[in-house]
Amino acid sequence: MAEPAPRARAPRRALHAIRRGARRVDAATPASRDRAVDALRAFAILGVVLGHWLVTALVAEDGALHTASPLQHLPRLTPLSWAFQTLAVFFLVGGHVATRGLVSARARGVPYGVWLRTRLTRLLRPVAALLGLWAAAATVLLLSGTSLVTLHTLVKLALSPLWFLLVLVTLTAATPLVARLHPLWPLAVVLHVDVLRFGLHLGPSWLGWVNLAAGWLVPYTLGAAWARGEPVTRRAAWTLLLGGTAATVALVLWAGYPASMVGVPGAAVSNLGPPTLAAVTFGVAQCGLALLLRDRLRSVMRRPSAWAGVALVNLSAMTVFLWHQTALLVTTVATLPAGRLPGLHTLPDGAAWVAARLLWLPVFALVLGVCRTAFHSLEEGARRPRPGRGTPGARRRSRVVRVHRDTDREAARVGRRV
């Protein structure tokens with residue numbers, strides 16, 4: 001029988017190499033590691049990325065780019081916002097790993113200031129690159145005659161992920177104060193703020209922004225309770241899921257809250273800007289579902305291929321989150337000379353736009369991959385060379401081992417990756 005051609009063997013060799021790499025990552029991971037936490041973070045990141053790519057449209061019109069959303073023209077797509085608005089899971093995991101990291105640091109005698117500086121350095125380092133690149137890009141666009149409308153649209157979308165980081169930094173810094181706070185307290189704050197805003201129409205215009213901290217503090221404190229080892233039973237998780245779902249449905253049907261869990265251009269009220277009670281109860285339901293899925297996720301993550309994929313996303317979590325909108329914008333602007341392409345520059349008002357946008361998703365992913373390759377080293381930070389690790393293969397292995405060395409160290413390291 002003739003030997004397979006070299007071209008036929010190449011994909012097979014690549015597949016074997018991927019499987020070997022996945023097995024090495026799996027073998028380097030301690031058995032004590034809770035892989036469900038990493039899986040939840042990865043799914044939350046991918047949910048936000050796909051959600052933004054599906055519901056963010058840039059329409060080329062009147063010589064400028066304008067923001068639009070298919071949810072504005074196709075309300076039947078509203079369930080997309082239920083599937084891909086996963087921010088509560090972000091904060092659930094954030095509260096979990098920050099609390100674990102703080103407890104571990106205290107056990108090792110690490111001062112709070114050192115612990116916080118280490119975490120914030122890793123969170124904020126990738127931001128400098130994003131701000132620097134977009135400052136340069138905005139200058140070039142402005143000097144080249146780009147309209148102020150287009151420039152405002154691009155910069156606003158590119159920097160929109162930073163609001164999340166601001167809230168996360170604030171809650172991280174306050175972890176010693178809020179880690180033992182019962183989730184009902186911030187939930188009560190959100191309730192009272194919304195009663196004043198929507199029920200009594202009282203209070204200053206900025207009152208709703210109190211919910212920016214209080215609303216996300218609810219899942220954050222749930223994650224802290226999980227990290228402290230408080231019993232989060234299946235019954236409690238079911239209570240969160242069903243109670244949060246029932247409350248959200250009631251608020252949408254009878255209290256006038258929007259059904260979309262993301263902002264829709266032109267809508268009088270947004271569930272995210274700032275967070276409303278409906279967004280918070282929806283997040284509570286998401287947290288309940290996440291806690292229910294822990295055992296299932298741990299089982300799935302025992303498969304080397306699944307775990308390697310999750311580990312890869314977590315290694316570049318902040319980079320992927322910060323640059324995913326830039327990937328969409330670069331693709332949109334770079335293709336403008338080709339004309340108004342369906343699903344990219346046209347009004348998102350029909351099924352044809354949705355079908356075309358799905359075809360653009362791999363292109364967005366490819367551009368995001370380029371951004372990840374260029375900037376993920378900022379998230380990892382500088383590494384000191386270690387003795388006896390001079391060969392390329394050893395360096396690759398040492399990176400995995402350093403990432404997965406022991407539970408205490410990993411709690412702090414992974415916590416910095418949120």
Report summary line: Counting only residues in region 222-237 that are touching a helix residue (DSSP H, G or I) at 6+ places or on another chain (Cβ under 8 Å) and open to solvent by 60 Å² or more (accessible area, probe 1.4 Å), the one nearest to V97 (Cα to Cα) is identified as R228
Report summary line: For region 253-266, the count of residues that are among the β-branched types (V, I, T) and either assigned to a helix (DSSP H, G or I) or over 19 Å from the mean Cα position of the chain (by Cα) (or both) equals 1
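Scanning region 153-191 for residues that are assigned to a loop (DSSP other than H, G, I, E, B) and touching a residue at least 40 places away in the same chain (Cβ under 8 Å), which turns out nearest to the chain's Cα centre (by Cα)?
Result: P161.
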Query raised in the report: Based on what the data block shows, is A31 out of contact with any strand residue (DSSP E or B) (no Cβ under 7 Å at 6 or more places or on another chain), aliphatic (A, V, I, L, M) and not in a helix (DSSP H, G or I)?
Result: yes
Query raised in the report: Limited to region 62-108, what total is found for residues that are basic (K, R) and part of a strand (DSSP E or B)?
Result: 0
Query raised in the report: Pairs under 9 Å by beta carbon, first residue open to solvent by 50 Å² or more (accessible area, probe 1.4 Å) in region 294-311, partner modelled with pLDDT of 90 or more and not polar (S, T, N, Q), six or more apart or different chains?
Result: D295/A36; R296/A36; R298/A36; R298/A39
Report summary line: Within region 115-132, residues more than 20 Å from A227 (Cβ to Cβ) and free of Cβ contacts under 8 Å to residues at least 60 places away in the same chain come out as R117, L124, L131, G132
Report summary line: When region 340-352 is checked residue by residue, the ones that are open to solvent by less than 30 Å² (accessible area, probe 1.4 Å) and out of contact with any Phe, Trp or Tyr (no Cβ under 7 Å at 6 or more places or on another chain) are H345, P348, G350
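Mind listing just one residue for me: the one in region 73-132 that is polar (S, T, N, Q) and buried (at least 21 other Cβ atoms within 10 Å of the Cβ) and, of those, nearest to S316 (Cα to Cα)?
By that ranking, first place goes to T86.
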Report task. Out of the residues in region 20-41 that are of a type in the set (G, A, S) and buried (at least 21 other Cβ atoms within 10 Å of the Cβ), state the one that is nearest to Q85 (Cα to Cα). Result -> A39
Report summary line: Screening L87, L46, L54, L58 for residues that are of a type outside the set (S, T, Y) and over 16 Å from the mean Cα position of the chain (by Cα) leaves only L58
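Conditions (1) among the hydroxyl-bearing types (S, T, Y); (2) outside any helix (DSSP H, G or I); (3) open to solvent by less than 30 Å² (accessible area, probe 1.4 Å), marked per residue:
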{"site": "V193", "(1), (2), (3)": "no, no, yes"}
{"site": "Y220", "(1), (2), (3)": "yes, no, yes"}
{"site": "T239", "(1), (2), (3)": "yes, no, no"}
{"site": "L242", "(1), (2), (3)": "no, no, no"}
{"site": "A268", "(1), (2), (3)": "no, yes, no"}
{"site": "V280", "(1), (2), (3)": "no, no, yes"}
Requested in this report: Give just the number: which of (1) open to solvent by 20 Å² or more (accessible area, probe 1.4 Å); (2) in contact with a Gly (Cβ under 6 Å, 6 or more places away or on another chain) does L289 not satisfy?
Outcome: (2)
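The values are calculated or read from the model by the stated rules, or taken from the named source; none is laboratory data. No experiment lies behind these values; they were computed from the predicted model shown. Positions of Cβ are backbone-derived with ideal geometry, glycine not excepted, and every protein chain shown enters the neighbour counts. All accessible areas refer to the heavy atoms of the entire protein, side chains included, with ligands and DNA or RNA removed. Shrake-Rupley method; radii C 1.70, N 1.55, O 1.52, S 1.80 Å.
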